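The structure appears below as structure tokens.
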Amino acid sequence: MPSMPEAGTILITGACGFVGLALVEHLLSRDETVIGWDRMPLPPEALSRFSELPGCFVPVQGDVCDAVTLGAVLKTHRPRCMVLLAAVTAGAERERAEPEHIFEVNLVAVTKALRLAAEHGVERVLLVSSGSVYGDGPQQAPLHEQRTPLRPEGLYGISKQAAEAAALRLASLHGIDLRIGRLGTCFGPWERDTGVRDTPSAPLQALRRLRAGEPVRLPRPLRRDWLYVRDAAGAIAALLDLDRPTQPVYNLAAGFEWSVADWCAWLAAQPGFEEADWRVAEDAGEININAYADHDRASMDIGALRRDTGFTARFDLPRAAADFVAWLDMPAHGGLVHA
């Protein structure tokens, strides 16, 4: 049965990132106290939104790699739970230029956080990993936590796989209540350029172009189990709440598929998008949407998450699109889509 530890604060690393802001918003809406740790300041739009919610948000600015400062924050605030979200989602250019930094944030910072969690009595830690650990190569669907081989290709996925293994070992050594969630491909509110996420989601890339009156040329329909970030936050919270996990790692994904072609078609039927110009490109030179890879990753199996937490994604394509466009149309948020 889902059951959080007794009332106490939740510390989130990477709290000002895309998924981090969505998770903070979700937790504050249910009256939690959240310590938001990030090297970046909180966007003014988020500060305004969080002030409207019943929970308490305490922003703390610092580098996730700085163990001394993170230890001081843990000592001061004594959180009961910690969510490790800070990550560098690297493309090939960053892989060539900053491989050490990618591993410092995605792996070494995780080992520091686990050690500090043990030292300061953190009762529960959730490491947010990624579906990229399965790799982008052709796989038999669905991707299963225990049966599907892990074959990451980029340094992001490789570092995430290493972080999972290291975290499990340290949790065993220190007696930490650890659970790991492999997050699917997210899109939605708060997605923007933060300097650590090199490629925006394909749905956002397409939406940016269509809102600007620009054509969209897809490399292919781009079908996968796209995960709306509000559902991502709900899945993370559900796993954090879980009293007795039946396995160490869970997929956090939508549980259904649609394509970016479907997304564009839905938008084109809405008021304000009547002139939308989109199609699958006829040759490679037309393509203006970055699809990460030259093939689509198989969907992730969320049977265990559903069984143990009761999680069900609330945002199918129409509901996600309507919610995202409405969110962007709010004066406080519209500029973020271009950030």
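Given the Cα-Cα distance of residue 174 and residue 144 and 0.36 nm per residue of separation, how much length would full extension add, in nm? Before the final figure, lay out the partial values.
Numbers: separation 30, 0.36 × 30 = 10.80 nm, distance 2.76 nm.
Difference between extended and current length: 8.0 nm.
Once divided by 2.2 N^0.38 Å, the Cα radius of gyration of region 90-210 becomes 1.17. Rounded to the nearest 20 debye, the dipole size of the chain about its Cα centre is 780 debye, using +1 on the Cβ of Lys and Arg and -1 on the Cβ of Asp and Glu. As a calculated quantity, the FRET efficiency between residue 166 and residue 306 at R0 = 30 Å, using C-beta atoms, amounts to about 0.60.
Based on Cα atoms of region 199-337, Rg over Rh with Rh as the Kirkwood radius reads 1.02.
For helix 229-241, report the angle its Cα long axis makes with the longest principal axis of the Cα atoms of the chain; keep it between 0 and 90° and round to the nearest 10°. Taking the Cα atoms of the chain, the angle to 229-241 is about 20 degrees. Taking the C-alpha atoms only, the angle from helix 109-119 to the longest principal axis of the chain is near 30 degrees.
Label-to-label distance, residue 243 versus residue 123, with points set 7 angstrom from Cα along the beta-carbon direction: 1.2 nm.
Could you give the length gained on full extension between residue 97 and residue 220, defined as 0.36 nm per residue of separation minus the Cα-Cα distance, in nm? Intermediate values should be presented prior to the final figure.
Values: separation 123, 0.36 × 123 = 44.28 nm, distance 2.97 nm.
Residue separation times 0.36 nm, minus the Cα-Cα distance, leaves 41.3 nm.
In this structure, residue 29 and residue 67 have a Cβ-Cβ separation that, at R0 = 30 Å, corresponds to a calculated FRET efficiency of about 0.45.
When you restrict to C-alpha pairs under 8 Å that are six or more residues apart and normalise by the size of the chain, the relative contact order lands at 19 percent.
No value in this document is a laboratory result; all are computed from the given coordinates. Predicted, not measured: the structure shown is a model, and the values here were computed from it. Neighbour counts are summed over all protein chains in view; Cβ atoms, including those assigned to glycine, are modelled from backbone coordinates with ideal geometry.
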